[in-house]
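Here the structure is laid out as C-alpha cells; the discussion comes afterwards.
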Amino acid sequence: MPEIFSYWLQAGRVDVGFLGAAQVDPYGNINTTVVGDYRRPKVRLPGAGGAPEIAASAKETFIMLRQNARAFVSELDFCTSVGNYKGGDSRDALGMTGSGPSVIITDIGVLRPEPGTREFILTALHPGRTIDEAVAATGWPLRVSTDLTATAPPTDGELAALRALKAGES
C-alpha cells in the first residue's frame, strides 16, 4: 500500500480520486472520523483510510454521497480531508498539489464549486428531483446555479454496462 501513496499519488500520477463522506461542508471539506466532539464522539467513524492523501494530491477529486441535512453540514464536526478549505484561494496557500474537489455527486443532483468563492452550488438535478428537495437536504443555505441543468438519463450502452457489472460479468 505505501507504493500507492509514494509512487502514484504523491508523484502526481492519479488524475481523479473518488471519496465518500459522513459529512461534507460548503467547500468540500470531508469528515470520516467522528460525529460529535472528537474526545466524546456520538459516533466514531472508520477514519481517514488514505482519504487525506487523495484529497491533497489527486489532480481532482469527486465526492459521492447521499444528500441529507445530516451529511451536508455548514460546519464539520472534524475535518479529515481538506477540500477547498475556507474557499477562494485558501487551499492554494496550504501548498497541496491537487486541485481539490471538482464535483459532489448525490442522489438528488450535482454540485460544483463556484468560481472565485469555491463554495459548492447546485448545478444539475437528476430527473424527478426538485430544487426544494436539494435545499431541504442541505444544512447550509444552498445556492443554485443560474445555469441549472438536468442530468441526462443513462444511455442503453451505459445501462448494459452497469447491468453486466452487477451480474458479475465483464
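Rule-based calculations on the coordinates, nothing more; no lab input. Given the structure is predicted, the values throughout are model-derived calculations rather than measurements. All Cβ positions, glycine included, derive from the backbone under ideal geometry; neighbour counts span all protein chains shown.
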Checklist outcome for this item: Restricted to region 20-170, the DSSP antiparallel beta bridge percent, nearest 5, is 60
Checklist entry - Which shape class applies to region 89-147: rounded if a/c is under 1.5, otherwise prolate when a/b exceeds b/c and oblate if not, where a ≥ b ≥ c are the square roots of the Cα gyration tensor eigenvalues? => result prolate
Checklist entry - In the set [x] 0.99; [y] 1.05; [z] 1.01, which value of Rg/Rh (Cα atoms, Kirkwood Rh) was calculated from the structure you see? => result [x]
Checklist entry - If you count, for each residue, the other Cβ atoms within 10 Å and average over each peptide, how do 43-52, 82-91 line up from highest to lowest? => result 82-91, 43-52
Item to check | Mean Cβ neighbour count within 10 Å, used as a protection proxy, ranking 122-135, 53-66, 149-162 highest first | outcome: 53-66, 122-135, 149-162
Checklist entry - Which FRET efficiency value, to the nearest 0.05, do you get for I131 and T155 by plugging their Cβ-Cβ distance into 1/(1 + (r/R0)^6) with R0 = 25 Å? => result 0.45
Checklist entry - What dipole magnitude, in Debye to the nearest 20, does the chain give about its Cα centre under +1 on Lys/Arg Cβ and -1 on Asp/Glu Cβ? => result 480
Next on the checklist: Students often get this wrong: which residues of region 126-170 have the backbone nitrogen under 20 Å from the point 7 angstrom along Cα-to-C-beta of M64?
Outcome noted: 126-129, 150-170
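Suppose a student asked you for the relative contact order of the chain, using Cα pairs under 8 Å spaced at least 6 residues apart; what percent would you report?
Rounded, it is 21 percent for the chain.
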Next on the checklist: So if each residue of separation counts as 0.36 nm, and I subtract the Cα-Cα distance between A11 and R143, what length gain in nm does that give?
Outcome noted: 44.0 nm
Item to check | For the chain, with +1 on Lys and Arg beta carbons and -1 on Asp and Glu, the positive-most of G36, T151, M96 along the dipole | outcome: G36
